[in-house]
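Reviewing the structure listed below.
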Amino acid sequence: MAIMITDECINCGACEPECPNNAIYEGGIEWAIQDGTNVSGSYELENGQEVEVDDAQEPISDDLYYIVPDKCTECVGFHEEPQCAAVCPVDCCVPDPEREESEAELLARKSRLHI
């Protein structure tokens with residue numbers, strides 16, 4: 001399951017540099033699959049949409065930091081626990097109940113992002 005940032009976020013930015021997948025963005029900032037990854041060419045998002053990896057995507061949130069589920073691996077394959085949650089001073093980085101994924105799925109995403 002991907003991690004999400006709740007609306008209790010205080011926009012401190014502590015989580016952003018901790019993400020090994022560069023899946024965390026400041027509110028209002030566009031994102032791309034290629035940011036912080038080794039992917040090239042095209043990439044299929046979880047909704048089935050095929051995008052070029054360097055295409056700018058609309059921000060998921062305009063006001064708060066957010067995590068791109070297509071890039072989140074919950075730090076599986078990198079760390080023992082999600083680093084965003086470990087450093088968040090207000091505990092607003094939590095599992096997203098709408099995106100339950102197995103460790104195998106998270107490892108597969110890691111492999112796709114970091115060829």
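In table form, for the structure just shown:
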item: Filter pass, Glu58 being modelled with pLDDT of 95 or more, in contact with a strand residue (DSSP E or B) (Cβ under 7 Å, 6 or more places away or on another chain), surrounded by fewer than 15 Cβ atoms within 10 Å (Cβ to Cβ) and over 15 Å from Asp7 (Cα atoms); result: no
item: Test: Cys72 is touching a residue at least 60 places away in the same chain (Cβ under 8 Å), surrounded by 14 or more Cβ atoms within 10 Å (Cβ to Cβ) and part of a loop (DSSP other than H, G, I, E, B); result: yes
item: Residues (in contact with a helix residue (DSSP H, G or I) (Cβ under 8 Å, 6 or more places away or on another chain), within 16 Å of Arg109 (Cα to Cα) and not hydrophobic (A, V, I, L, M, F, W, C)) located in the stretch 8-57; result: Pro20, Asn21, Thr37, Asn38, Tyr43
item: Residue selected from the stretch 5-42 under the condition within 13 Å of the chain's Cα centre (by Cα) and not in a loop (DSSP other than H, G, I, E, B), by the criterion surrounded by the fewest Cβ atoms within 10 Å (Cβ to Cβ); result: Pro17
item: Test: residue in the stretch 81-89 that is closer than 17 Å to His114 by Cβ, surrounded by 19 or more Cβ atoms within 10 Å (Cβ to Cβ) and of a type in the set (S, T, N, Q); result: yes
item: Number of positions in the stretch 80-94 that are in a loop (DSSP other than H, G, I, E, B) and out of contact with any helix residue (DSSP H, G or I) (no Cβ under 8 Å at 6 or more places or on another chain); result: 7
item: Some residue of the stretch 95-115 being within 14 Å of the chain's Cα centre (by Cα), within 29 Å of Ile10 (Cβ to Cβ), hydrophobic (A, V, I, L, M, F, W, C) and not in a helix (DSSP H, G or I); result: no
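The values are calculated or read from the model by the stated rules, or taken from the named source; none is laboratory data. Small disclaimer: the values here were computed from a predicted structure and weren't measured. Cβ: placed from backbone, ideal geometry, glycine included. Neighbour counts: every protein chain shown.
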